[in-house]
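Novice: Below: one structure in structure tokens.
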Amino acid sequence: MSTDILENFLSTLSPFFTLIGSVCWLGGLSLGSIAFYHAIKVHDGQSRSGWNGVVATMFTAIVLMNLPGFMSVASQTLLGSSTGLDVTSTKALDYASQINTTGDSSVQKGLAGALYYVQFIGWIAAMRGWWMIRSAVHGVSQVTIGAGVVHIVAGVIGANITVFTPIISNFLGVTSGS
């Protein structure tokens, strides 16, 4: 019964990655338009954020329109590899010897569901990080550029949790159980 719920969860969550990509692309397109509008205002001397705000908005627009490519490059840079959305890999939790991750068990489906959810939240965190950086440059809210960078790095790590977990377990010296 619980494996049916997890299978439904995984099949339902998959289209949301397409939705995230579409929202990012449309958000980037609208931010690009806003950047051109702000450039006109800065040129006329009617903007308080100046050219820094225009550049930050345009850069955010470009990154959001190309978020899948950015996530791949950032994953390669930060973690050394990029698995994309690899929920079939349970190597991330190989160190837990009491968990049987072989075969088609309900535990494996549960782990796949949890890893998929973490990857989904990672993509949202990376997208939010770029919005936070844009807001910080414009001085609109009390967010800082550092908070935006933390969201981006955490989003990249979350989106590649199956790569990051073995890195941490190797760093801590945790070996695979028998």
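The values are calculated or read from the model by the stated rules, or taken from the named source; none is laboratory data. The structure displayed is predicted, hence computed values, not measured ones. Cβ atoms come from the backbone with ideal geometry, glycine included; neighbour counts cover every protein chain shown.
Novice: Mind telling me which of the residues 74, 92, 61 ends up being at pLDDT 80 or above, of a type in the set (Gly, Ala, Ser) and surrounded by 16 or more Cβ atoms within 10 Å (Cβ to Cβ)?
Specialist: Being at pLDDT 80 or above, of a type in the set (Gly, Ala, Ser) and surrounded by 16 or more Cβ atoms within 10 Å (Cβ to Cβ) holds for just one of 74, 92, 61, which is 61.
Novice: Considering only segment 155-172, state which residues are closer than 25 Å to residue 20 by Cβ and either of a type in the set (Phe, Trp, Tyr) or touching a strand residue (DSSP E or B) at 6+ places or on another chain (Cβ under 6 Å) (or both).
Specialist: 164
Novice: Would you call residue 150 hydrophobic (A, V, I, L, M, F, W, C), surrounded by 16 or more Cβ atoms within 10 Å (Cβ to Cβ), modelled with pLDDT of 75 or more and more than 20 Å from residue 65 (Cα to Cα)?
Specialist: Judged against the criteria, residue 150 is not a match.
Novice: At pLDDT 80 or above, touching a His at 6+ places or on another chain (Cβ under 8 Å) and within 21 Å of residue 28 (Cα to Cα): is that true of residue 136 in this structure?
Specialist: no
Novice: Restricting the search to segment 1-48, which residues are at pLDDT below 70 and among the polar types (S, T, N, Q)?
Specialist: Result: 2, 3, 14.
Novice: Among the residues of segment 9-59, write down those that are of a type in the set (Ser, Thr, Tyr), in a helix (DSSP H, G or I) and either in contact with a Phe, Trp or Tyr (Cβ under 9 Å, 6 or more places away or on another chain) or under 20 Å from residue 129 (Cβ atoms) (or both).
Specialist: Passing the criteria: 14, 22, 30, 57.
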